[in-house]
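Student: Below are the structure tokens for one structure; questions will follow.
The values are calculated or read from the model by the stated rules, or taken from the named source; none is laboratory data. For clarity, every value in this text was computed on a predicted model and none was experimentally measured. Please note: Cβ atoms are built from the backbone with ideal geometry, for glycine as well, and neighbour counts cover all protein chains shown.
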Amino acid sequence: MSTIFVMVKCELGRAYEVAAAIADRVEEASEVWSTSGQYDLLVKCVLAPGRDAGHFVTESLQRLPGVRDTFTLIAFQAFR
């Protein structure tokens, strides 16, 4: 399993709609947070072994209605 964090910029006025779509339709999305600043949402995604992060983001997130831009961070190690 690998974890990525995707920051999502939405079309104006559509952040909650996009967040609901991600939560409902994207199985790999374990958490969806609204944020302030340059991006509207922060999405934590857990990908199956061998799942390509680039294909996942472009096919599962960037194609959702209301998504304008994404910025992806690949996580290496979780510290508790």
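Student: Can you tell me which residues in the stretch 35-57 are under 19 Å from Ala15 (Cα atoms) and touching a strand residue (DSSP E or B) at 6+ places or on another chain (Cβ under 8 Å)?
Tutor: Within the stretch 35-57, Thr35, Gln38, Tyr39, Asp40, Leu41, Leu42, Val43, Lys44, Cys45, Val57 meet the criteria.
Student: Taking the criterion of being part of a strand (DSSP E or B) and either modelled with pLDDT under 95 or touching a Pro at 6+ places or on another chain (Cβ under 9 Å) (or both), would at least one residue in the stretch 2-17 satisfy it? Lay out the reasoning, then the answer.
Tutor: Our first condition is that a residue be part of a strand (DSSP E or B); within the stretch 2-17, this holds for 2-10.
Applying the additional criterion that residues be either modelled with pLDDT under 95 or touching a Pro at 6+ places or on another chain (Cβ under 9 Å) (or both) yields 2.
Checked against the condition, which is being part of a strand (DSSP E or B) and either modelled with pLDDT under 95 or touching a Pro at 6+ places or on another chain (Cβ under 9 Å) (or both), the stretch 2-17 yields at least one hit.
Student: For residues that are charged (D, E, K, R) and not in a loop (DSSP other than H, G, I, E, B), scanning just the stretch 58-80, find the one that is farthest from Leu12 (Cα to Cα). Outline the logic, then answer.
Tutor: Narrowing the stretch 58-80 to residues charged (D, E, K, R): 59, 63, 68-69, 80.
Then keep just the ones that are not in a loop (DSSP other than H, G, I, E, B); that gives 59, 68-69.
Values: Glu59: 22, Arg68: 9, Asp69: 12 Å.
Applying the filter and picking the extreme gives Glu59.
Student: Output the number of residues of the stretch 50-76 satisfying the condition of being of a type in the set (Gly, Ala, Ser), closer than 12 Å to Thr3 by Cβ and surrounded by 13 or more Cβ atoms within 10 Å (Cβ to Cβ).
Tutor: 1
Student: State the number of residues belonging to the stretch 16-45 that are in contact (Cβ under 8 Å) with a residue 24 or more places away in the chain, surrounded by 12 or more Cβ atoms within 10 Å (Cβ to Cβ), more than 19 Å from Ile74 (Cα to Cα) and within 12 Å of the chain's Cα centre (by Cα).
Tutor: 2
Student: Also, I was wondering about something else. Of the residues that make up the stretch 42-49, is at least one at pLDDT 95 or above, outside any loop (DSSP other than H, G, I, E, B) and over 22 Å from Met1 (Cβ atoms)?
Tutor: No, the stretch 42-49 has no match at all.
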